[in-house]
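Reviewing the structure listed below.
The values are calculated or read from the model by the stated rules, or taken from the named source; none is laboratory data. Please read all numbers here as calculations on a predicted model, not as lab measurements. Ideal geometry is used to build each Cβ from the backbone, glycine not excepted, and the neighbour counts take in all protein chains shown. For the accessible areas, the whole protein counts, side chains as well, though only heavy atoms, and no ligand, DNA or RNA atoms are used. Shrake-Rupley method; radii C 1.70, N 1.55, O 1.52, S 1.80 Å.
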Amino acid sequence: MAKLDATPHADPLLIAGGGIGGLTAALKLAEAGFHIHVFEQADMLTESGAGLQLSPNALRILREMGILEKLRGKTGRSNSLRVMSGVDGKQLTEMPLGDIAQKRWGAPYLVAHRADLQQALLEACEASDNIMLHLGCRTLDYSAEHGVQFRYEQNGAQKEQKGCALIGADGVHSRIRALLLNDGDPLFSGYVAYRAQFNARDLPRMLSADSTYLWLAPNLHAVHYKLRGDMINLVAIVREDSLQKNQDEMAMPEILQDASRNYTGTLRTLLNIPQNWTRWPLFHRLPDTKTWPHLPVTLLGDAAHPMLPFLAQGAAQAVEDADVLTNCLINEPQYPDDAFENYRARRMKRVTKIQKAAAENGKVFHYSGLRAFARNNVLKMIGGRRMMALYDWVYGA
Ligand code: FAD
C-alpha cells in the first residue's frame, strides 16, 4: 500500500457520505497517512439486508485493504452464472464463477449482504486513528476558498468544519454534486427494482442454490443468488412509467403478478415465493464527459456516475474510485485540486463505458419477439467460457 512521503496537510480531508464509496475512500486515504473526517446524515450506519454482488475488480482492492478477511464467513460464492429464458424456463448459457473465475481475474466473485460490507468498512474506520466519523450530520453546503469550509447540520444546529479538500460520496441524490456541477436532478430511468429475500429451501427444485441466476423475459428480468446462510436474494426489475416513491414493504406487487402470468412456471413460481417486496425506483444519469471545475472538491461513486445496476458495478466502481483517488492524492498531497483533476481524467473513460454497458444490458435483457430470439441464439452459441472473455474488461481491469 502506497503511503504519503510528506506530512499531511494541516487541515483534514473531508468526505460527505459514509456509504460504501465514502468509507472505502476514508480507509484508503487514512492508511496512506491522511487525516479524514467523514460526515454521514444517518445516525447509525445500518442498511436493510439487500444483497450485493462483489466482482473481482472490487475484491482485489478490498482484499488488499483487509476487508475481504473481515467478511470471512459472511459472503456467498456462486459456482456459476446461469442465464435463463423466462419465457420457456430453459437455460441459455452458464458462465463459470468459481475457481476458474478466481484464476482468470485474480480474485473471487462473491455475494454479500450490503449491511455486512458496510459493517466491515465501518469497524475498520472506527479502528483507525486517522478517521473521525461524524454520524447524524447532514451536508448543507461548502465554499472553496483557501481550502474548503464545509457546513452541515447536526441535531438542528448548523456547524462548520474547515478542510483542505472535500469529496462528495453522498450517493445518487448528491448534495455536493448539485453545488459543484449544478446539473439538475438524476433521471428516473423508467425501471423499478423489486427486492425480496426468502429461505433457500423454498427455491424450486430444478434450481440450484449454488448458482447465480439471471432470468430474461419481455419487460422483466430477475436475478437471484444465495447470500450467507440459507438466504436467497431476489431482485426483479420491470419497466414502470410513473414514478412512485413508496419504498415500504409490500405483498407481491400487481405489476409483477401481471408480468409473471406470461412466463414459464419456474419464473412464475419464483416470483410468487416472497411474502414481501421492497420497491426501488432506479435513477441514473447519462455519462457526463464535461470537465469539472478545478477546485479542491470532487465526487465519487454514485454521486459522480450513478448507473443502472444491470452490470452489478455501482459499488464496485465506487471502490475503484476510492483506490484511484487515493493514489492521485498521494502523488499531489499539497494540491488536491490538481490531484482531483488527475483522478477525474483517469476514471472518466472507464466509468463512462460501464454506465453505457449497464444501460444497454437493461434494453437487451428485456427484449421481446425476434430480438429476444436472436439474443437467445447468440447466448446459446457463445458458451460460458467465451462469455467470460466478454467480461475481462470489467473484472480483469
Ligand atoms: P451510497 O451507498 O448511496 O452512499 C451514500 C451515503 O451518503 C449514504 O450513506 C447516505 O446516507 C449519505 N448521504 C446522502 N446525502 C447526504 C447528505 N446530504 N449529508 C450527509 N450524508 C449524506 N452495485 C454493485 O457493485 N453490485 C451489485 O450487485 C449491485 N446491486 C444493486 C442492486 C440494486 C437494486 C441497486 C439499486 C443498486 C445496486 N448496486 C450494486 C449499486 C450500489 O448499491 C451503489 O452503486 C453503491 O451503493 C454506491 O455507493 P456510494 O457510496 O456511492 O453511495
Checklist line | Test: residue in region 85-100 that is part of a strand (DSSP E or B), closer than 14 Å to Asp116 by Cβ and open to solvent by 10 Å² or more (accessible area, probe 1.4 Å) | finding: no
Next item on the list: Just give me the residues in region 152-170 being open to solvent by 10 Å² or more (accessible area, probe 1.4 Å), away from the ligand (no atom under 11 Å from the Cβ) and either within 15 Å of Gly17 (Cβ to Cβ) or under 29 Å from the mean Cα position of the chain (by Cα) (or both), in sequence order.
Entry: Gln161, Cys164
Checklist line | Listing of strands (runs of 3 or more DSSP E) fully contained in region 131-189 that carry 3 or more residues being aliphatic (A, V, I, L, M) and closer than 19 Å to Ala322 by Cα | finding: 131-135, 165-168
Item checked: Lone qualifier among Val83, Val111, Val87 - being of a type in the set (Val, Ile, Thr) and closer than 20 Å to Gly301 by Cα -> Val111
Next item on the list: Go through region 264-285 and give me each residue that's more than 16 Å from the ligand (Cβ to nearest atom) and assigned to a loop (DSSP other than H, G, I, E, B).
Entry: Thr264, Ile273, Gln275
Margin query: Out of the residues in region 109-140 meeting the condition of being open to solvent by 40 Å² or more (accessible area, probe 1.4 Å) and of a type in the set (Asp, Glu), tell me which one is farthest from Gly66 (Cα to Cα).
Written below: Asp129
Checklist line | Filtered residue count, region 286-321, keeping only those that are within 12 Å of the ligand (Cβ to nearest atom), within 27 Å of Ser143 (Cα to Cα) and part of a loop (DSSP other than H, G, I, E, B) | finding: 4
Next item on the list: Return the only residue of Arg72, Arg82 being open to solvent by 20 Å² or more (accessible area, probe 1.4 Å) and either at pLDDT 95 or above or not in a loop (DSSP other than H, G, I, E, B) (or both).
Entry: Arg82
Item checked: Options Ala58, Ala42, Ala30; residue that is within 11 Å of the ligand (Cβ to nearest atom), crowded, with 19+ Cβ neighbours inside 10 Å and either at pLDDT 95 or above or not in a strand (DSSP E or B) (or both) -> Ala58
Note to self: Within region 211-220, does at least one residue satisfy the condition of being at negative phi, open to solvent by 10 Å² or more (accessible area, probe 1.4 Å), modelled with pLDDT under 95 and not in a loop (DSSP other than H, G, I, E, B)?
What the structure shows: no
Next item on the list: Return the only residue of Glu153, Glu160 being closer than 19 Å to His134 by Cβ, of a type in the set (Asp, Glu) and free of Cβ contacts under 8 Å to residues at least 12 places away in the same chain.
Entry: Glu160
Next item on the list: Give just the number: which of (1) surrounded by fewer than 23 Cβ atoms within 10 Å (Cβ to Cβ); (2) under 24 Å from the mean Cα position of the chain (by Cα); (3) on the phi < 0 side of the Ramachandran plot does Gly106 not satisfy?
Entry: (3)
